Amino acid sequence: MFQRVGLCGTVVQEAGPVLRGVASQKGAGHGWPITVLRLLSWVFALVVVASISNEGFINRPDSPQEFCIFNEDPAPCRLGEWAGSLALIFSSAYICLDLLLPRVSSVKEKRRLVLSDILLSGLWSLLWFASFCVLAHQWQLTSVEDLPLNEGANAARAAILFCFFSIFSWGGLVLLSLEKMKRVSFEEEYNKLFTPQT
């Protein structure tokens, strides 16, 4: 931790060299909301994957063959597992990016990274919407005879609910990334206008 004197003679605590950019963003109110929302998206994806992997496939007492609890169609279970698994990977990668982005010195590289964040978050918001629609529709078509002991019903409802939550969390990431893009664009314009003359 470092100390420095800020405005009006106040002493400001700063983090070490690794988190200095994030600490300065925290004071400005820019860096932490997107990281927290990304962590929340990671948790939502984990719940979807865990619900489907744990109780998404069951078998009848008279048959050893497993089937998906969503209308005995394996496609919804696979869609939820893949969407959640890839969302976990992308969320983890972009959490690291959120921590390291302030240390990237090239404005063009920052712009590319933020643009990839916007596109990926938008794509994943649409994928979660499609997953929610497919899972909810297939759950609606599932009959009571398909689940005689009501096995996996709570897991199916949890997967559907957290797919729905993920639509908004990834959509929020798009909005926050657009704000980040505005700051990066401003930084780029500032650097063009006020380059040191040698």
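The values are calculated or read from the model by the stated rules, or taken from the named source; none is laboratory data. Keep in mind the model is a prediction, meaning the values are calculated, not measured. No Cβ is skipped: glycine too gets one built from the backbone with ideal geometry, and neighbour counts run over all protein chains shown. Heavy atoms of the whole protein, side chains included, go into the accessibility calculation; ligands, DNA and RNA do not. Shrake-Rupley method; radii C 1.70, N 1.55, O 1.52, S 1.80 Å.
Data table
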| item | result |
| --- | --- |
| Residue among 50, 87 that is farther than 16 Å from residue 153 by Cβ and either in a helix (DSSP H, G or I) or touching a residue at least 60 places away in the same chain (Cβ under 8 Å) (or both) | 87 |
| Residue that is open to solvent by 30 Å² or more (accessible area, probe 1.4 Å), closer than 16 Å to residue 145 by Cα and in contact (Cβ under 8 Å) with a residue 24 or more places away in the chain, where the choices are 55, 66, 72 | 72 |
| Per-region count, region 89-124, residues surrounded by fewer than 20 Cβ atoms within 10 Å (Cβ to Cβ) and of a type in the set (S, T, N, Q) | 4 |
| Matching option when the condition is in contact (Cβ under 8 Å) with a residue 12 or more places away in the chain and either out of contact with any Pro (no Cβ under 6 Å at 6 or more places or on another chain) or under 15 Å from residue 44 (Cα atoms) (or both), among 113, 119, 161, 123 | 113 |
| Flag if residue 132 is modelled with pLDDT of 85 or more and either closer than 30 Å to residue 187 by Cα or surrounded by fewer than 16 Cβ atoms within 10 Å (Cβ to Cβ) (or both) | no |
